[in-house]
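Read the figures in this text as sums done on the coordinates, not as results from a lab. All values reported here derive from a predicted model rather than from experimental measurement. Cβ placement follows ideal geometry from the backbone for every residue including glycine, while neighbour counts extend to all protein chains displayed.
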Amino acid sequence: MKKKMFLASSFKDVANLLIDFTGEDLKGKTVTFIPTASIPEKIKFYVGSGKKALEKLGLTIDELEISKATSTEIADKLQQNDYIYISGGNTFFLLQELRRSKADKQIIDQINSGKLYIGESAGSMIMSPDITYATSMDDHTKAKDLHDHSALNMVEVYPLPHHTNFPFIKTVEKIISKYGTELALCPISNSQVLLVEGEKAWVQNT
């Protein structure tokens, strides 16, 4: 099966592109919604915005908070629902909890079997080979048990969300100047999405 990934910066701003990308009627489909990255953050409005945008498309949300869920619950929800969505927040905390719960391997398996994956901000960055480049954007000390930054490695590029968008303008420029020559950074603004289908990857604008 071809992998299909919809890697956004701000999902609510590009949600309408999901219909064309899936080529499916979304009404009645279920999505495993993982808000875990937002736990250590003070600002969390994007979690609600993401949910609303999914519901507006006709999707049914099945929330999965992986830092509290049992391994059976994680396995069941990831397998049974039609799509997987990981919200934004702290990328390091997200990686720590994905690893600790072993949800990372299950998500990789589901993507490899053809299940659509939707990421927003941290949920997009987590798919890169390594998230060290996110240290300017997120506080890595929120993940006390994370000892290396190798991520899920489902895309060869390094998604860089909120390019040209307040309040991350300077942060993103800093990451580009620091890592631009050594990493295949893929800056995406809030009105762009990185689409992945099989071995192909491209950026689409709203």
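By the rule of a C-alpha distance below 20 Å, with chain neighbours fewer than 8 residues away ignored, the lysines paired with LYS178 are LYS170.
Aspartates and glutamates within cross-link reach of LYS2: Cα-Cα under 14 Å, excluding same-chain residues under 8 positions apart? Result set, ordered by chain and number: ASP109, GLU197, GLU199. If you run the Gaussian network model on the chain, springs between alpha carbon atoms under 10 Å, then out of ILE34, ILE43, ILE126 the most flexible one is ILE43. Placing a pseudo-label 7 Å from each Cα along the Cα-to-Cβ vector at THR135 and SER71 gives an inter-label distance of 3.3 nm.
Return a whole-number percent for the relative contact order of the chain, with Cα pairs under 8 Å and 6 or more residues apart as the contact set. Relative contact order for the chain comes out at 28 percent. Which of rounded, prolate, oblate describes the range 71-206, given a ≥ b ≥ c as roots of the alpha-carbon gyration tensor eigenvalues and a/c under 1.5 marking rounded, otherwise prolate only if a/b is larger than b/c? The shape class here is oblate.
Which trypsin sites (Lys or Arg not before Pro) in the range 4-49 pass both tests, a DSSP loop state and at most 13 other beta-carbon atoms within 10 Å? Answer by residue number: LYS27, LYS42.
Each Lys or Arg adds one and each Asp or Glu subtracts one; over the other residues with Cβ under 12 Å from the Cβ of ILE175, this totals 0.
Checking the a/c ratio against 1.5 first, then a/b against b/c, what shape does the Cα gyration tensor give for the range 1-130? Rounded shape, in that the Cα axes give a/c under 1.5. If you take the Cα centroid of the range 94-135 and the Cα centroid of the range 1-68, the two points sit 14 Å apart. Exposed loop positions in the chain were taken to be GluC sites (Glu not before Pro) whose DSSP state is not H, G, I, E or B and which have at most 16 other beta-carbon atoms within 10 angstrom. Between these positions, the longest stretch is 66-155.
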